[in-house]
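First up is the structure itself, then whatever we jot down about it.
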Amino acid sequence: MEFRIAADELKKALHRAQGIVERKATMPILQNVLVTATKQGVSVTAFDLDIGIVSDHPAEVMKPGAVTLSAKYVFDIVSNLPEAQVTIKKLPNNYAEITSGSANYKIVGMAPEEFPKLPKEETGQLVKTVGGTLLEMVKKTSFAISTDETRYILNGVFFEPREDGKVRMVATDGHRLALVERQLDGDFKLKGGVIIPRKGLLELKRLLDEAPEAECSLGFAENSALFKKPGLSMVMRLIDGQFPEYQRVIPKDGEKQITLVRARFLEGLKRISLLSAEKSNAVKVSLADNQLRVTANNPDLGEAKDDIDVKYTGAALTVGFNARYLIDVLSVMDTDEVVLEMGDEHSPGVIHAPNDRSYTAVVMPMRV
């Protein structure tokens, strides 16, 4: 095998692989990428047995073939090459020679036959969609995914087709919930919803971030999710299980509805949370006539408060929240104003845009 390729093209492929390859894999080959050269060009495959990416790139192929190489070290090498072009040649015993200008490396590889096969994807029903819409849905839910491995059902986002071509994505870690519903016309051929794992979703976000408005395709086959865009395909195993009945967690219209300037509320929370307890990030949100006060009290550091003008007349109320949870929600919203709904000190807080519940976040209260 021997080919010449633009260093930037190879760097792009290896960069995509960094989040997938296992740094401490029990199988050493999973720390590698599979580099395959054909008459059509060069493809680079990364696979951790759950998520796989195949990235296609133009190249001048002198001799077709394949080899597996360390994803990390070859990425570091390609990132520091002196010339715009790089030549890779396979040597005996699965070594590879990397040459660019005056730089020359001989790298230990592994037999391509040992690289695990990606799941078959022929049965997938792919639906064309705009990447920007999918990216928005991922950004507005992924922060609420649970990182507790013992609750594996919550270690992903619930993807649920709804009526009239709409799709809903929901994530919860038991303390908060984020739900977004958008138009994604097309039939995903799903009887119910599926759970897309956190790692796969974050890799999908990285790929969508490259070109948000590019047309792409998403589909599902048996226990896998499929994503494609020009020159790239990704497959990931879904989480097997039943997602909780999330509708029960979302309260009906709260008794107290306060409309706030989003940026002002976000700034206030960031300021006051500086003095909140490090582990709990606890702040008090107090409601009085035309005023919302955010306070924090930390025996080791002191106390802080910030008053925000709001339109509200009604009974006073104080509820404790994790400031980080509120900040996460407000940071991904893009409306000038937000509505905060509250019931009593034991009720969750609900955040959404005025007159629009297509994006709704629920934050459970806490004792402060």
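Please list the radius of gyration and Dmax for the stretch 282-368, considering alpha-carbon atoms only, with Å as the unit.
Cα radius of gyration and Dmax of the stretch 282-368 are 13.1, 42 Å respectively.
Within the stretch 57-129, how many lysine pairs that are 8 or more places apart, or on different chains, have C-alpha atoms less than 12 Å apart? Could you put the intermediate results ahead of the total?
On the way: K63/K89; K63/K90; K89/K106; K90/K106.
Count of close lysine pairs: 4.
Along the charge dipole of the chain, Cβ charges K/R +1 and D/E -1, which of L204, P251, P354 sits furthest on the positive end?
Towards the positive end, the residue furthest out is L204.
Take every Cα pair under 8 Å in the stretch 61-177 that's 6+ residues apart, average their separations, divide by the length, and report that relative contact order as a whole percent. All intermediate terms of the calculation are to be shown ahead of the outcome.
Values: 124 pairs, mean separation 18.4, N = 117.
Over the stretch 61-177, the number comes to 16 percent.
In nanometres, what is the gap between the two model label sites at M62 and D76, each 7 Å from Cα along Cα-to-Cβ?
Result: 2.8 nm between the two label points.
Quickly estimate the mean residue ellipticity at 222 nm for the chain, helices only: each DSSP H run with n ≥ 4 gives -39500 (n - 2.57), and the total goes over all residues, rounded to 500.
Calculated from helices alone, the mean residue ellipticity at 222 nm is -5000 deg cm²/dmol.
Assign one of three labels to the stretch 1-115, namely rounded, prolate or oblate, based on the Cα gyration tensor with a ≥ b ≥ c the square roots of its eigenvalues; rounded applies when a/c is under 1.5, prolate when it is not and a/b is larger than b/c, and oblate otherwise. Walk me through the intermediate numbers first.
Numbers: a/c = 1.44, a/b = 1.38, b/c = 1.04.
Rounded, since a/c falls under 1.5.
Which lysines, if any, have their Cα less than 30 Å from the Cα of K270, not counting same-chain residues under 8 positions apart?
K139, K140, K199, K205, K252, K256, K279, K284, K305, K311
Calculate the FRET efficiency for N298 and Q247 from the Cβ-Cβ distance with a Förster distance of 30 Å, rounded to the nearest 0.05.
Values: r = 37 Å, r/R0 = 1.22.
Plugging the Cβ-Cβ distance into 1/(1 + (r/R0)^6) gives 0.25.
I want to verify the translational diffusion coefficient of the stretch 203-317 in µm²/s; compute it with Stokes-Einstein, Rh as the Kirkwood radius over Cα pairs, at 25 °C and 0.890 mPa s.
In µm²/s, the coefficient is 130.
Please compute the alpha carbon radius of gyration of the stretch 220-268, then divide it by the globular-protein estimate 2.2 N^0.38 Å. Two decimals is fine.
Working: Rg = 20.0 Å, N = 49, 2.2 N^0.38 = 9.7 Å.
For the stretch 220-268, the normalised Cα radius of gyration is 2.07.
In nm, to one decimal, how far is the K191 label point from the E267 one, both placed 7 Å along Cα→Cβ?
Simple spin-label model gives 5.3 nm for this pair.
Based on Cβ point charges of +1 for Lys and Arg and -1 for Asp and Glu, what charge dipole magnitude is obtained for the chain about its Cα centre, in debye rounded to the nearest 20? Present the calculation step by step, with values, prior to reporting the outcome.
Details: 47 positive and 51 negative charges, 130 e Å.
So the magnitude is around 620 debye.
Can you tell which of A221, A13, A277 shows the greatest fluctuation in a Gaussian network model of the chain with Cα springs below 10 Å?
Among A221, A13, A277, the largest mean-square fluctuation in the Gaussian network model of the chain belongs to A277.
Treating only the Cβ of Lys, Arg, Asp and Glu as charged (+1, +1, -1, -1), what charge dipole size does the stretch 258-368 show about its Cα centre? Round to the nearest 20 debye.
So the magnitude is around 200 debye.
At 0.36 nm per residue, and after removing the present C-alpha to C-alpha distance, how many nm does the segment from H175 to K256 gain when stretched out fully?
Numbers: separation 81, 0.36 × 81 = 29.16 nm, distance 2.09 nm.
Gain in length upon complete extension: 27.1 nm.
Pick from P119, P197, P244: which residue has the top mean-square fluctuation in a GNM of the chain where Cα pairs under 10 Å get a spring?
With Cα springs under 10 Å in the chain, the top fluctuation among P119, P197, P244 is at P244.
Among V194, V261, V167, determine the one that fluctuates most according to a GNM of the chain built with springs between C-alpha atoms less than 10 Å apart.
In the Gaussian network model the winner is V261.
Bear in mind that the values in this text are calculations on the coordinates, not laboratory data. Predicted, not measured: the structure shown is a model, and the values here were computed from it. Counting neighbours? That spans all protein chains shown, and the Cβs are built from the backbone with ideal geometry, glycine included.
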